[in-house]
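Asker: Before I ask anything, here is the structure I am working with.
The values are calculated or read from the model by the stated rules, or taken from the named source; none is laboratory data. Everything quoted here is computed from the prediction, not taken from an experiment. A quick note on method: Cβ atoms are made from the backbone with ideal geometry, for glycine too, and the neighbour counts reach across all protein chains shown.
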Amino acid sequence: MPRAAKLIKIITAALLAASSLTASAQPAVDEHLSAARKAAGTDFPGTLARLCIVPDAPTGSGTGGPRPIPERATWYAEPARMFDNLYWVGTKIHSAWALQTSGGIILIDTLYNYAVEPEITQGLAKMGLNPATIKYVIISHAHGDHDEGAKLLQDRYGAKVVMGGPDWDLIEKNPNIPGGVPKRDIIGTDGQKLTLGDTSVTLVSTPGHTFGTLSMIFTVKDRGRPLTVAYSGGTAFNFPKDAARYDTYIASQKKMAEAAKAAGATILMSNHSEFDDAWDRGRLARLRRAGEPHPYELANDAVQRYFTLTSECAMAAREKLATR
Ligand SMILES: [Zn+2]
């Protein structure tokens, strides 16, 4: 049949065109995917899946219109004392962290608006901490799953909100954020040391996921033993797809790997359980017996491998742009 024959001819031509387009880029993509798999090992399957396998939608969360509040049973999680001085007050999906110092609490990330009261203010109280002692609120990046609770904590407790400059610009252009837009307090900058009482958090500017993404280095204590945390502030590729943006992201991963190495970090932390299993690790920490290693402490080079993994997946995604 001439019509069917014509269709087959068109499909064949399209496939041929596609294969000749991908021919040059595919080996490079495969090389990066295989390097990413090797770097992930058995430590970071969630990050490998999200960055190297599952494609992302090109929009940030929290920038759209109103969205329904999910059923509480799908997200509510009990708070956990993760380290002597670090409490996890997140949902099953998103993390918020309370670093207890001699001068009050440094809170890292604030969840969606619907979760700030049940998880953060009530979660801290459940842990025997007073939310009114939150002095700093560091926002890793200005997407709704991390910044919507900020205004409530600023208004109610006078906490100072810290965010990267470009991300302050981003939220101030978006007045309809559930929970409201906090007033501009502190612009977090690269290398800035935020000190409260006996504890400091060093900010590392890691643009990519958003242009104002802040990562962090800080120390926690595990049964009195100091351990260093590398906190990665932005992970997924849900940004406009262009090579320059991937280059920015990749440079930030290398920068954070170096900062983590210089500080001797053996813990990799994130703001989504998808990437660091915070929810599971909190439950494991409760079951831990004397003499057992902490569920968050990673062996030798794992923190470095994490940033190799995120870089390699970004390089694969950048190579794939050429195949479109
Ligand atoms: Zn985000």
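Asker: Can you find a residue that is part of a helix (DSSP H, G or I) and out of contact with any strand residue (DSSP E or B) (no Cβ under 8 Å at 6 or more places or on another chain) anywhere in segment 288-303?
Answerer: Checked against the condition, which is being part of a helix (DSSP H, G or I) and out of contact with any strand residue (DSSP E or B) (no Cβ under 8 Å at 6 or more places or on another chain), segment 288-303 yields no hits at all.
Asker: Something else about it: Tell me which residues, restricted to segment 82-99, are under 15 Å from the mean Cα position of the chain (by Cα) and among the small types (Gly, Ala, Ser).
Answerer: Residues satisfying the conditions are Gly90, Ser95, Ala96.
Asker: Sticking with this one: Tell me which of these Ser232 doesn't satisfy, since it passes every other one: (1) within 16 Å of the ligand (Cβ to nearest atom); (2) buried (at least 22 other Cβ atoms within 10 Å of the Cβ); (3) farther than 23 Å from His94 by Cβ.
Answerer: For Ser232, the exception is condition (3).
Asker: Tell me, which residue of segment 126-144 that is buried (at least 24 other Cβ atoms within 10 Å of the Cβ) and within 16 Å of the ligand (Cβ to nearest atom) is farthest from Thr189 (Cα to Cα)?
Answerer: Checking each candidate, the answer is His143.
Asker: Just wondering, is there one or more residues in segment 88-102 that are within 16 Å of the ligand (Cβ to nearest atom) and modelled with pLDDT under 95?
Answerer: no
Asker: If Ala159 passes every condition in (1) farther than 23 Å from Ala278 by Cα; (2) within 16 Å of the ligand (Cβ to nearest atom); (3) buried (at least 21 other Cβ atoms within 10 Å of the Cβ) but one, which one does it miss?
Answerer: The single condition Ala159 does not satisfy is (2).
Asker: A further question on this structure: Hey, among the residues in segment 145-156 that are of a type in the set (D, E, K, R) and closer than 11 Å to Lys183 by Cα, which one's nearest to the ligand (Cβ to nearest atom)?
Answerer: The first filter runs over segment 145-156 and keeps only residues of a type in the set (D, E, K, R), leaving 145, 147-148, 151, 155-156.
If we keep only those that are closer than 11 Å to Lys183 by Cα as well, we get 151, 155.
Values: Lys151: 18, Asp155: 23 Å.
My answer is Lys151.
Asker: Among the residues of segment 235-287, which ones are outside any helix (DSSP H, G or I), within 16 Å of the ligand (Cβ to nearest atom) and either surrounded by 15 or more Cβ atoms within 10 Å (Cβ to Cβ) or among the basic types (Lys, Arg) (or both)?
Answerer: Selection gives Thr235, Ala236, Phe237, Asn238, Phe239, Lys241, Met269, Ser270, Asn271, His272.
Asker: What single numbered condition from (1) under 17 Å from Ala80 (Cα atoms); (2) more than 16 Å from the ligand (Cβ to nearest atom) fails to hold for Ala115?
Answerer: (2)
Asker: For Thr219, which of the numbered conditions (1) buried (at least 23 other Cβ atoms within 10 Å of the Cβ); (2) away from the ligand (no atom under 16 Å from the Cβ); (3) of a type in the set (S, T, N, Q) fails to hold?
Answerer: So the condition that Thr219 fails would be (1).
Residue by residue, here is whether (1) over 18 Å from Asn271 (Cβ atoms); (2) β-branched (Val, Ile, Thr); (3) not in a loop (DSSP other than H, G, I, E, B) holds:
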{"residue": "Gln100", "(1), (2), (3)": "yes, no, yes"}
{"residue": "Val116", "(1), (2), (3)": "no, yes, yes"}
{"residue": "Ile120", "(1), (2), (3)": "no, yes, yes"}
{"residue": "Leu124", "(1), (2), (3)": "no, no, yes"}
{"residue": "Ala132", "(1), (2), (3)": "yes, no, yes"}
{"residue": "Val161", "(1), (2), (3)": "no, yes, yes"}
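Asker: Moving on to the next point. So in segment 175-189, with the set limited to residues that are out of contact with any helix residue (DSSP H, G or I) (no Cβ under 9 Å at 6 or more places or on another chain) and assigned to a loop (DSSP other than H, G, I, E, B), which one is surrounded by the most Cβ atoms within 10 Å (Cβ to Cβ)?
Answerer: In the first step, residues of segment 175-189 are kept if they are out of contact with any helix residue (DSSP H, G or I) (no Cβ under 9 Å at 6 or more places or on another chain); the result is 175-176, 186.
If we keep only those that are assigned to a loop (DSSP other than H, G, I, E, B) too, we end up with 175-176.
Working: Pro175: 8, Asn176: 10.
Only one residue fits best here, namely Asn176.
Asker: Going through segment 137-150 one residue at a time, which ones are touching a strand residue (DSSP E or B) at 6+ places or on another chain (Cβ under 8 Å) and in a helix (DSSP H, G or I)?
Answerer: Result: Asp145, His146, Asp147, Ala150.
Asker: What are the residues in segment 220-234 that are assigned to a strand (DSSP E or B) and either without any contact (Cβ under 8 Å) to a residue 24 or more places away in the chain or of a type in the set (Gly, Ala, Ser) (or both), if any?
Answerer: If the condition is that a residue be assigned to a strand (DSSP E or B) and either without any contact (Cβ under 8 Å) to a residue 24 or more places away in the chain or of a type in the set (Gly, Ala, Ser) (or both), then Arg225, Pro226, Ala230 are the ones that fit.
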